[in-house]
1. Answer yes if at least one residue in segment 223-230 is modelled with pLDDT of 95 or more, among the acidic types (Asp, Glu) and away from the ligand (no atom under 16 Å from the Cβ), and no otherwise.
2. Among (1) surrounded by 16 or more Cβ atoms within 10 Å (Cβ to Cβ); (2) in contact with a helix residue (DSSP H, G or I) (Cβ under 8 Å, 6 or more places away or on another chain); (3) of a type outside the set (A, V, I, L, M, F, W, C), which single condition is Arg351 missing?
3. Determine which member of the set Arg101, Arg28 is within 16 Å of the ligand (Cβ to nearest atom), under 24 Å from the mean Cα position of the chain (by Cα) and over 25 Å from Ala140 (Cβ atoms).
4. Within segment 23-44, is even one residue in contact with a Ser or Thr (Cβ under 7 Å, 6 or more places away or on another chain) and modelled with pLDDT under 95?
5. Within segment 121-134, does at least one residue satisfy the condition of being hydroxyl-bearing (Ser, Thr, Tyr), free of Cβ contacts under 8 Å to residues at least 60 places away in the same chain and more than 24 Å from Gly32 (Cα to Cα)?
6. Yes or no: segment 456-464 includes at least one residue that is crowded, with 21+ Cβ neighbours inside 10 Å, free of Cβ contacts under 8 Å to residues at least 40 places away in the same chain and in contact with a helix residue (DSSP H, G or I) (Cβ under 7 Å, 6 or more places away or on another chain).
7. Evaluate the following for Ile14: is it modelled with pLDDT under 95, hydrophobic (A, V, I, L, M, F, W, C) and over 20 Å from the mean Cα position of the chain (by Cα)?
8. Just checking, which of Asn93, Asn76 is crowded, with 20+ Cβ neighbours inside 10 Å, in contact (Cβ under 8 Å) with a residue 60 or more places away in the chain and at negative phi?
Amino acid sequence: YTITVDPDARGAAIEDTMYGVFFEDINRAADGGLYAELVQNRSFEYSTADNGSYTPLTSWTVGGTAEVLNDSGRLNERNRNYLSLGAGSSVTNAGYNTGVRVEQGKRYDFSVWARAESATTLTVTLKDAAGELATVRRVAVKGDWAAYRASFTASRTSNRGRLAVASSGPAALDMVSLFPRDTYKNQPNGLRKDLAEKIAALKPGFVRFPGGCLVNTGSMQDYSEASGWQRKRSYQWKDTVGPVEERATNANFWGYNQSYGLGYYEYFRFAEDVGAMPLPVVPALVTGCGQNRATDDEALLKRHIQDTLDLIEFANGPAGSTWGKVRARMGHPKPFGLTHIGVGNEENLPREFFARFQRFRAAIEAKYPDITVVSNSGPDDSGTTFETAWQLNREGEVDMVDEHYYNSPQWFLQNNDRYDSYDRNGPKVFLGEYASQGNAWKNGLAEAAFMTGLERNAEVVELASYAPLLANEDYVQWRPDMIWFNNRASWGSANYEVQKLFMTNTGDRVVPSEASGTPDVSGPIAGAVGLSTWATSAAYDDVRVTSADGASLLSDDFSGDASRWTHSGGGSWSVRDGEYVQTDEAAENTLVTAGDPAWKDYDLHVRATKKAGK
Ligand code: AHR
């Protein structure tokens, strides 16, 4: 094919904000993930309402006598449960994944809220099966509820740490916490550094949060204080701000407990820290995500609309305003500069949704005319619901419509022209969620091809984010995902690399081009698994390719059959110790599966030894 490019022609302008990220607390993306807290179930609030397998002592082991109480002796109205620990007893927390992860030489801050009628000593230890991970700390406790703190320096690195608190006398405990000092940008109540840095490396133009289906959770239930802070409350931003010990935990839409330690303040702060525009989404009182209902409760609707106005004040209001004051007290007197807000997520009832959306929109525009209110088109990429939603959005002259779709890689290849025909004068598109179904190289490739179509239509497609962003490999509800992690490491998928390529190389303007033909993309994508080691050059030798768990590809995936792999680029490879090893100093080498093996996920790792002085 010939591609003709006219360097003087001017195509669509591409905004710096075009590519962003969508963070949803799915796959334990928050607790045990981006939120740096190392203690699981720190406030003893896990319950069967969150997940059938939970109890208030999930992730804790008791030595001696201890029980979780929910009575008037509690820390505060929102933090219902607390632990009553008997004299000479202890509790030990198992953290997330394999345990509490600590790194040698790093500082960790322990804190606990405690109450003891007579003077009591808490002994705090951090250890794993091999012994102590830090010097034991002792904390003297006496009197009514108060916060106590101690800090540790880890003497060893371990992924299997356990945090134990023993008490000499009877004591009540709540909010047992261990936080790494080293959080992203050293923020208090902050974010896990490696994960936040991987997101920051994308240079996102915006951060959409907190969901997804998550925002629709319980949005039709009463959420007044009078309802007793029962679980499956709606995801309400007001529940997620203020001191962490006063944030009620909730039953997450995705089937686990959600502490709200990572709340709206932290989301806004993170967006600011990565230089992105914050884009919160509020429920529209019409539940999609598997349910088809719309509320007719006028009082509830009005309350949610008011909450949305309050959210804008929390983000943008002066430090003296009611909600601006809450933000200022949390450490950010300066407004966060909110410009866009989403109302609703994937509603299946377009007419019901649009009627309620219009109520939110009118209230927001009346008070904050500069805010862009983002509508949506439901959960599909086409069909009657989708068409009706778009028709209503067009007729209603909304500013921007959020589209979502998860499809095969073939679909993405075949739909590169999706936005070529979208009305240039209609609502702009926010492609808030999309992914081809898989984390393999072919998926990244199909998404890359599709993204060229987004850019070509940048005058219509203003914002786009891959979804979901994060997945803890031991707690997965949804795949594929962009960035994977456990308690000790994180790694980007092929899709992550594609996003990074586009997000860190966004042009200012499209240069129109024409191709002499279009490849046939009707069949399944065939081809090879490829890996280029071009960075090896003369600076490295002994380049080895293994699968993610360190096992040799040869034995792992190809039954030791080296002939299934070929290389190009002039380098030499040989099999040594069950691994492919690059044996020369070629500037570039590509290792490719020779045949056309059935597609599956290959998580390839390259190990290379750097030469002295290089
Ligand atoms: O991204 C995962 C889920 O996919 C989101 O919560 C929802 O909006 C969509 O259906």
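1. No, the conditions are met nowhere in segment 223-230.
2. Against the list (1) surrounded by 16 or more Cβ atoms within 10 Å (Cβ to Cβ); (2) in contact with a helix residue (DSSP H, G or I) (Cβ under 8 Å, 6 or more places away or on another chain); (3) of a type outside the set (A, V, I, L, M, F, W, C), Arg351 comes up short only on (1).
3. On the way: Arg101 fails: within 16 Å of the ligand (Cβ to nearest atom).
Only one candidate qualifies: Arg28.
4. no
5. yes
6. no
7. Criteria not met by Ile14.
8. On the way: Asn76 fails: crowded, with 20+ Cβ neighbours inside 10 Å.
From the options Asn93, Asn76, the qualifying one is Asn93.
The values are calculated or read from the model by the stated rules, or taken from the named source; none is laboratory data. Everything numeric here is computed off the predicted structure, so don't read it as measured data. No Cβ is skipped: glycine too gets one built from the backbone with ideal geometry, and neighbour counts run over all protein chains shown.
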